[in-house]
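A.B. asks: Structure in structure tokens, see below.
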Amino acid sequence: MSTIFLKRYYKKDRDTMSHYQHTFQRSIEHPESFWAEQAKRIPWYTPPKTILSYDEQSAGTAHARWFSDGEMNLSYAALDYHVENGRGDQAAIFWDSPAAKAKQTISYREMRDKVAHFAGALAQLGVTKGDRVVIYMPMIPEAMVAMYACARLGAIHSVVFGGFAPHELAARIEDAEPKVVVAASCGIELGKVLPYKPMVDQAVELSAHKPDACVVYQREAHRAELEEGDYDWEELVANAPFAECVPVKGTDPLYILYTSGTTGKPKGVMRDTGGYAVALAYSMQAIYAMEPGEVFFTASDVGWVVGHSYIVYAPLLVGCTTVVYEGKPVKTPDAGSFWRLIEEYRVKSFFTAPTAFRAIKKEDPDAKLLQNYDISSLKHLYVAGERLDPPTFHWLDDLLDVPVIDHWWQTETGWPIAANLPGIEPVPTKAGSATFPVPGFNVQVLNRDGEQAKPMEQGSVVIKQPMPPGCLTGVWRDEKRFHSAYMAAFPGYYLTGDGGYFDEQGYLFIMGRTDDVINVAGHRLSTGEMEEVVGAHPAVAECAVIGIHDDLKGQLPIGLVIPKDGFDGDEATLEAELIARVREHIGPIACFKQVLVVDRLPKTRSGKILRKLLRTIADGKEFGIPSTIDDPTSLADVHAAMRERSVGAADKATPLD
Ligand SMILES: CCC(=O)SCCNC(=O)CCNC(=O)[C@H](O)C(C)(C)COP(=O)(O)OP(=O)(O)OC[C@H]1O[C@@H](n2cnc3c(N)ncnc32)[C@H](O)[C@@H]1OP(=O)(O)O
């Protein structure tokens, strides 16, 4: 066994091994038998005989495929199976919406029926196995119904987060080529009603691909005008048959979920069905320590992978109840909303992004509102989506009597890569660490030469093949990009794009991206994409967008632009136009709110903008002036501009002697 991590956990004397060490080692040394055992957690129509295989197309990189000859249906496994086995009257969903001032409890039987009829409606619109359906909906149960209905038919859904602007939706429609788009008439954000249908119409207008139909779920807050080719959800469902589940192979795709890469074009991360189901069911026990009948609450959005995995699919796969929350951590109505939900629904495990707790901490630093609620049902608190900064970890750790578990994963992996595992064996936590690799994930840290980094030495965090079930199976219709983005850097390993290190005890610390992807309030965004939008403005000659530290959202993007020669416009107007452009093209979640107009940007002699150096200065750290810099005075100019506009902590940045 070559990995440093395994060496640390690989004790000759099996009797002295911890339960975690033993489980982890077995998953890495005997992946087939390990996952064959876990596959028994799922009700297959035909149990898989081929556990692990490799796709011929991916032979060069030996990317794993799981359960290729097993047959199943995720809608059956998560709904019908439970109805058939005595959970028909149990709540599948507690929907709680301060936004719509509404609540609803939906039983497993009701959910199964809603899904089957909506699947019947989609089938009547011509949707069959392998067709794509784009879903653009807020946090309402119908978003889940639409996802499960696709799964029931073997169709591939692609959910687009409501905070994305029409251009982003258009890019996804064009790439996925859906037969049908399913939308809600509106979203509701902090009391503001946001009509969705005009955004869908604009996106379809912009896209070269035109879907056959658009199904609209009409909400009370705002009803959409329907045109030719549009269908009212309720009317369709009223006349739709009950659709039976279509058996699919373990390796058949369940969904495409787009995520930001380093360029403007988002990557369509593909997920299989069988591997994903097995991984999720395993994680619910090993990581989240959940038992059937208990309540799981993930505060995120169905548009993100956290929502796909831990709002929509995993809780129901294992017979739990999921809380679907259409609200914010603060202001709906106050910073006590999460505590209220935990009490009201007797939540056992709660999962959200660190940003949400930073927002609560800002509004209610002494957590006075917590005193109004009995949260004794809560046994574990989980955070992911961005790094859990130590001050927020300590705030939570001091406040709550339950373990605060920071875990790390990605859209691509579909479920956690590293975590503390109370369902196997809890270990002491360390602030800033995601603890240990989850069984199945052979995580390694490689240095620039592709060699194993020493403990405490930072490097690229990679996963040695075979990756466990549940991870991405490719990039939709872009095999080349799949290889170049993930497989090419270190052959035989999946490149996570995150940097980090193992400490002496084998705890994994993830320190942030090694590319131009930034994380704003738990949303992964591409600065490269923002640069494309900013650079397309007719007055802009050159630009750089960098992510700088922000106490609340983790990171925020700022733009630095050099206007074209002869630009005689007003800088404030240019800044406003660029901000509006990014909001219009990418969406409000980009949080792009500051642009500095400068004469020069610091570059290397070969013309590369020194973005890392700019970040260092904006974050108020000491910075060295690289010997490769073309014009050192450009740096002083940009630093002065940053100080003048109070960018980040630029006033604290000092050059090293
Ligand atoms: C582990 C794998 C992964 O990482 S998956 C990704 C996990 N990430 C998450 O779960 C995201 C966590 N973050 C959040 O839930 C939110 O950011 C929280 C913390 C609740 C804060 O929300 P909020 O106050 O709206 O700030 P924000 O930065 O999200 O929003 C910025 C602007 O965008 C808007 N926005 C947000 N969501 C929507 C939406 N669904 N539809 C339309 N607009 C949306 C917000 O209103 C805000 O707009 P504005 O700039 O104030 O006008």
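The values are calculated or read from the model by the stated rules, or taken from the named source; none is laboratory data. Not measured: the values here are computed from a predicted model. Every residue, glycine among them, receives a Cβ derived from its backbone with ideal geometry; neighbour counts consider all protein chains shown.
A.B. asks: Tell me the helices (runs of 4 or more DSSP H) entirely within the stretch 558-648 that contain at least 1 residues that are touching a helix residue (DSSP H, G or I) at 6+ places or on another chain (Cβ under 7 Å) and within 30 Å of Val200 (Cα to Cα).
C.D. replies: In the stretch 558-648, 571-585 are the helices (runs of 4 or more DSSP H) which contain 1 or more residues that are touching a helix residue (DSSP H, G or I) at 6+ places or on another chain (Cβ under 7 Å) and within 30 Å of Val200 (Cα to Cα).
A.B. asks: Name the pairs whose Cβ atoms lie under 6 Å apart, with the first residue in the stretch 306-318 and farther than 12 Å from Ser75 by Cα, the second among the charged types (D, E, K, R), and 6 or more positions between them or separate chains?
C.D. replies: If the second residue must be among the charged types (D, E, K, R), the pairs left are Gly307/Asp301.
Conditions (1) within 13 Å of the ligand (Cβ to nearest atom); (2) crowded, with 24+ Cβ neighbours inside 10 Å, marked per residue:
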{"residue": "Trp304", "(1), (2)": "yes, no"}
{"residue": "Tyr313", "(1), (2)": "no, yes"}
{"residue": "Val318", "(1), (2)": "no, yes"}
{"residue": "Lys331", "(1), (2)": "yes, no"}
{"residue": "Arg340", "(1), (2)": "no, no"}
{"residue": "Tyr345", "(1), (2)": "no, no"}
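A.B. asks: Which residues, counting only those in the stretch 597-630, are closer than 13 Å to Val561 by Cα and either touching a His at 6+ places or on another chain (Cβ under 7 Å) or surrounded by fewer than 17 Cβ atoms within 10 Å (Cβ to Cβ) (or both)?
C.D. replies: Within the stretch 597-630, Asp599, Arg600 meet the criteria.
A.B. asks: Which members of the stretch 15-55 meet the condition of being closer than 29 Å to Gly506 by Cβ, modelled with pLDDT of 95 or more and of a type in the set (Ser, Thr, Tyr)?
C.D. replies: Hits for the stretch 15-55 are Thr23, Ser27, Ser33.
A.B. asks: Can you tell me which residue among Gln410, Gln465, Gln458 is surrounded by fewer than 17 Cβ atoms within 10 Å (Cβ to Cβ) and not charged (D, E, K, R)?
C.D. replies: Gln458
A.B. asks: Given the condition in contact with a helix residue (DSSP H, G or I) (Cβ under 7 Å, 6 or more places away or on another chain), touching a residue at least 24 places away in the same chain (Cβ under 8 Å) and within 16 Å of the ligand (Cβ to nearest atom), answer yes or no: does some residue in the stretch 499-518 qualify?
C.D. replies: yes
A.B. asks: Restricting the stretch 400-411 to residues that are away from the ligand (no atom under 15 Å from the Cβ) and of a type outside the set (A, V, I, L, M, F, W, C), which is nearest to Tyr288 (Cα to Cα)?
C.D. replies: Only one residue fits best here, namely Pro403.
A.B. asks: Kindly indicate which of Gly432, Gly474, Gly499 is crowded, with 19+ Cβ neighbours inside 10 Å and of a type outside the set (Asp, Glu).
C.D. replies: Gly474
A.B. asks: Looking at (1) at pLDDT 95 or above; (2) buried (at least 20 other Cβ atoms within 10 Å of the Cβ), which one does His63 not meet, given that it meets all the others?
C.D. replies: (1)
A.B. asks: Considering only residues that are modelled with pLDDT of 95 or more and not in a loop (DSSP other than H, G, I, E, B), look in the stretch 407-427 and name the one that is nearest to the chain's Cα centre (by Cα).
C.D. replies: Across the stretch 407-427, the extreme among qualifying residues is Trp408.
A.B. asks: Can you spot a residue in the stretch 151-160 that is under 17 Å from the mean Cα position of the chain (by Cα), more than 16 Å from the ligand (Cβ to nearest atom) and either within 17 Å of Gln218 (Cα to Cα) or touching a residue at least 60 places away in the same chain (Cβ under 8 Å) (or both)? Let's see the steps before the verdict.
C.D. replies: Applying the first criterion (under 17 Å from the mean Cα position of the chain (by Cα)) to the stretch 151-160 yields 157-160.
Narrowing the set further to residues that are more than 16 Å from the ligand (Cβ to nearest atom) leaves 157.
Subsequent filtering for residues that are either within 17 Å of Gln218 (Cα to Cα) or touching a residue at least 60 places away in the same chain (Cβ under 8 Å) (or both) retains 157.
Yes, that holds for at least one residue.
One line per residue, one yes/no per condition, for (1) within 15 Å of the ligand (Cβ to nearest atom); (2) β-branched (Val, Ile, Thr):
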{"site": "Gly547", "(1), (2)": "yes, no"}
{"site": "Glu575", "(1), (2)": "no, no"}
{"site": "Ile579", "(1), (2)": "yes, yes"}
{"site": "His585", "(1), (2)": "yes, no"}
{"site": "Asp599", "(1), (2)": "no, no"}
{"site": "Arg605", "(1), (2)": "no, no"}
{"site": "Ala618", "(1), (2)": "no, no"}
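A.B. asks: For the stretch 365-399, how many residues are among the hydrophobic types (A, V, I, L, M, F, W, C), assigned to a helix (DSSP H, G or I) and within 16 Å of the ligand (Cβ to nearest atom)?
C.D. replies: Residues flagged as among the hydrophobic types (A, V, I, L, M, F, W, C), assigned to a helix (DSSP H, G or I) and within 16 Å of the ligand (Cβ to nearest atom) within the stretch 365-399 amount to 2.
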